[in-house]
Structures are given as C-alpha cells and as structure tokens.
1. May I ask you to derive the FRET efficiency for Thr54 and Arg105 from their Cβ-Cβ distance with R0 = 25 Å, giving the value to the nearest 0.05?
2. Would you please classify the overall shape of region 44-144 from the alpha carbon gyration tensor, given that a ≥ b ≥ c denote the square roots of the eigenvalues, rounded means a/c under 1.5, and beyond that prolate means a/b larger than b/c while oblate covers the rest?
3. Given H placed 1.01 Å from N in the peptide plane, which residues other than close sequence neighbours of Leu57 have an amide H under 5 Å from its amide H?
4. Based only on other Cβ atoms within 10 Å, what is the fewest-to-most ordering of Asp118, Asp90?
5. Per residue of region 55-69, in order, report the coupling 6.51 cos²θ - 1.76 cosθ + 1.60 (Karplus, θ = phi - 60°) as ³J(HN,Hα) in whole Hz, putting x for Gly and Pro.
6. Sort Leu82, Leu73 by Cβ crowding within 10 Å, fewest neighbours at the top.
7. Do any trypsin sites (Lys or Arg not before Pro) in region 1-107 lie in a DSSP loop with no more than 10 other beta carbon atoms within 10 Å, and if so, which?
8. Which GluC sites (Glu not before Pro) in region 66-110 sit in a loop by DSSP (not H, G, I, E or B) and have at most 15 other Cβ atoms within 10 Å of their own Cβ?
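FYI, it's all coordinate maths here, none of it is from the lab. Note that the structure is a prediction, hence the values are computed from the model and not measured. Cβ sites come from the backbone with ideal geometry, for glycine too, and all protein chains shown count toward neighbours.
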Amino acid sequence: MVTRCGHQGGRAVLNKIFDDLDEDGSGLCSFEELNRWMRNTRRTRQERLDIVRTLTLTSRVRESESAWDEARLRSEIQYMLLASGCRTADLCEAWDDTRKGVLSRTALLRKIKCLVEDEELWNSRVRAAAKAVLARFDSNEGQL
C-alpha cells in the first residue's frame, strides 16, 4: 500500500511522520491531530501547559441554567481543552503541583474550582458536580 501511494523511502520515515501526527500517543491519528499538523498550528508542551493554566469555565456557566452534573462538567472540560488545542494530559500535568503524577481529593476539587472564577456560580451550579467526581474517588488510595 505504501508504494502504491508513491512513497519510496523506508518505513522508519513513515513511522516518524505518524509519531509526529499522533500527539497523544494513542496509536491513532485523529482528524484534529491531522488538521493541526496540516495547518501547522501545533503547540509545544510548555505552550499547552501555559494555556491550560489560564483556562476557565466561567463563561460557560449560566445562572439561568440548572446545576451541572458530572457528565456536564466532564463535557465542558473536554470542550474547553479541545477549543484551546490542549489535551487531557496537559491538564493533568498542569494541575500536578507535586510532580508525583497524582492528585489528592483536595487538590482536584481546588483545581476544578479554579476553573469557575465566580464564587456564586461555583456554589450554585458546579460544586455538586465536582463533588460527584470526588464520590467516584477510591478513598483507600487517597489520590486519583
């Protein structure tokens, strides 16, 4: 198949190109990854971490809407990351203040709360959803 597409080089060249495309290391190239590669809009790891540290959900939380549930919180965080060109791994790394690769319950709640800059919106619309995330937390481990 490779030669039918006109490639004359070795397989290592193709593997390197694919590895460059596969930003998240999933072994698959998503349309988003291909699009960013084609448009040359990919960011360095440090650029993504810097962006993640400035992200907010405040504009997505509306007083006129009902309180969020866990699924809505997850969806909004995923949308926020996608729209900013960042990955879940970037969020986890940016939130890992201890550099141990884990988050405590308290740290996770604090980081989610930081995404909602308005205290009233946090308490009335998002806090319960964040607590639901923590309810999934294995209390024997003490970390996520």
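1. Numbers: r = 24 Å, r/R0 = 0.97.
Using R0 = 25 Å, I get an efficiency of 0.55.
2. Oblate.
3. Under 5 Å from the amide H of Leu57: Val116, Glu117.
4. Details: Asp118 16, Asp90 23.
Least to most surrounded, the residues fall as Asp118, Asp90.
5. Whole-Hz 3J(HN,Hα) from phi for region 55-69: 5, 9, 9, 3, 5, 8, 8, 10, 4, 6, 8, 6, 4, 6, 10.
6. Numbers: Leu82 12, Leu73 21.
Ranking Leu82, Leu73 by Cβ neighbours within 10 Å, fewest first, gives Leu82, Leu73.
7. Values: sites: Arg4, Arg11, Lys16, Arg36, Arg39, Arg42, Arg43, Arg45, Arg48, Arg53, Arg60, Arg62, Arg72, Arg74, Arg87, Arg99, Lys100, Arg105; in loops: Arg4, Arg42, Arg43, Arg53, Arg62, Arg87, Arg99, Lys100.
Answer in residue order: Arg4, Arg62, Arg99, Lys100.
8. Values: sites: Glu70, Glu76, Glu93; in loops: none.
Sites meeting the loop and neighbour criteria: none at all.
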